[in-house]
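The values are calculated or read from the model by the stated rules, or taken from the named source; none is laboratory data. Only a predicted model underlies this, so the values are computations on that prediction, with no experimental measurement involved. Virtual Cβ from ideal backbone geometry, glycine too; neighbours counted across all protein chains shown. Note: areas computed on protein heavy atoms with side chains; ligands, DNA, RNA excluded. Shrake-Rupley method; radii C 1.70, N 1.55, O 1.52, S 1.80 Å.
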Amino acid sequence: MLPRCLSRLSHPVRRLSTHTAARASFTVHDEEDFKDRVLNSSTPVVVDFHAQWCGPCKLLGPRLETIIGGKGEKVHLAKVDIDDVSDLALDYGVSAVPSVLAVKDGKVVDKFVGLQEESRIEAFVSRLIGE
């Protein structure tokens, strides 16, 4: 049985899936995927090295998605679970999570480690895209 508020609808509810954050972010599955979608990207990429068991990562992820989603197509967010792609984390010297890298033209140009305030993340992303 539907809840009372839904049972009175006379027409179906339509939801649009044009959320910018969903288009601007992606999960990296392996090293080849990272090379193709991050290093070879013509768009700057913020790389979020995280882990499912990491509490601060769970707080930082939505902040990154919101800020990057608000930038349109100027920057993308790559999510790398260090437990799934551990060699990649080692290659980039990730010794703690969350670790966030700014990649432009295939090179790391900035980084930070740990949970950050939204203003700090906004400044980090703005520097990357030249705003």
Determine which single condition residue 96 fails, assuming it passes every other condition in (1) in contact with a His (Cβ under 9 Å, 6 or more places away or on another chain); (2) surrounded by fewer than 19 Cβ atoms within 10 Å (Cβ to Cβ); (3) modelled with pLDDT of 95 or more. (1)
Could you tell me which residue of region 55-93 is surrounded by the most Cβ atoms within 10 Å (Cβ to Cβ), considering only residues that are closer than 21 Å to residue 31 by Cβ and out of contact with any strand residue (DSSP E or B) (no Cβ under 7 Å at 6 or more places or on another chain)? 85
Looking at residue 72 and the list (1) on the phi > 0 side of the Ramachandran plot; (2) without any contact (Cβ under 8 Å) to a residue 40 or more places away in the chain, which single condition is not satisfied? (2)
Report yes if some residue within region 12-28 is under 17 Å from the mean Cα position of the chain (by Cα), of a type outside the set (A, V, I, L, M, F, W, C) and at pLDDT 95 or above; otherwise report no. yes
Tell me the residue from 77, 128, 64 that is in contact with a Pro (Cβ under 8 Å, 6 or more places away or on another chain) and on the phi < 0 side of the Ramachandran plot, please. 128
Qualifying residues in region 99-121 (those that are part of a helix (DSSP H, G or I) and either more than 16 Å from residue 46 (Cβ to Cβ) or among the charged types (D, E, K, R) (or both)) - the one most open to solvent (accessible area, probe 1.4 Å): 118
Would you confirm whether any residue within region 64-79 is farther than 20 Å from residue 43 by Cα and either touching a His at 6+ places or on another chain (Cβ under 7 Å) or of a type in the set (A, V, I, L, M, F, W, C) (or both)? no
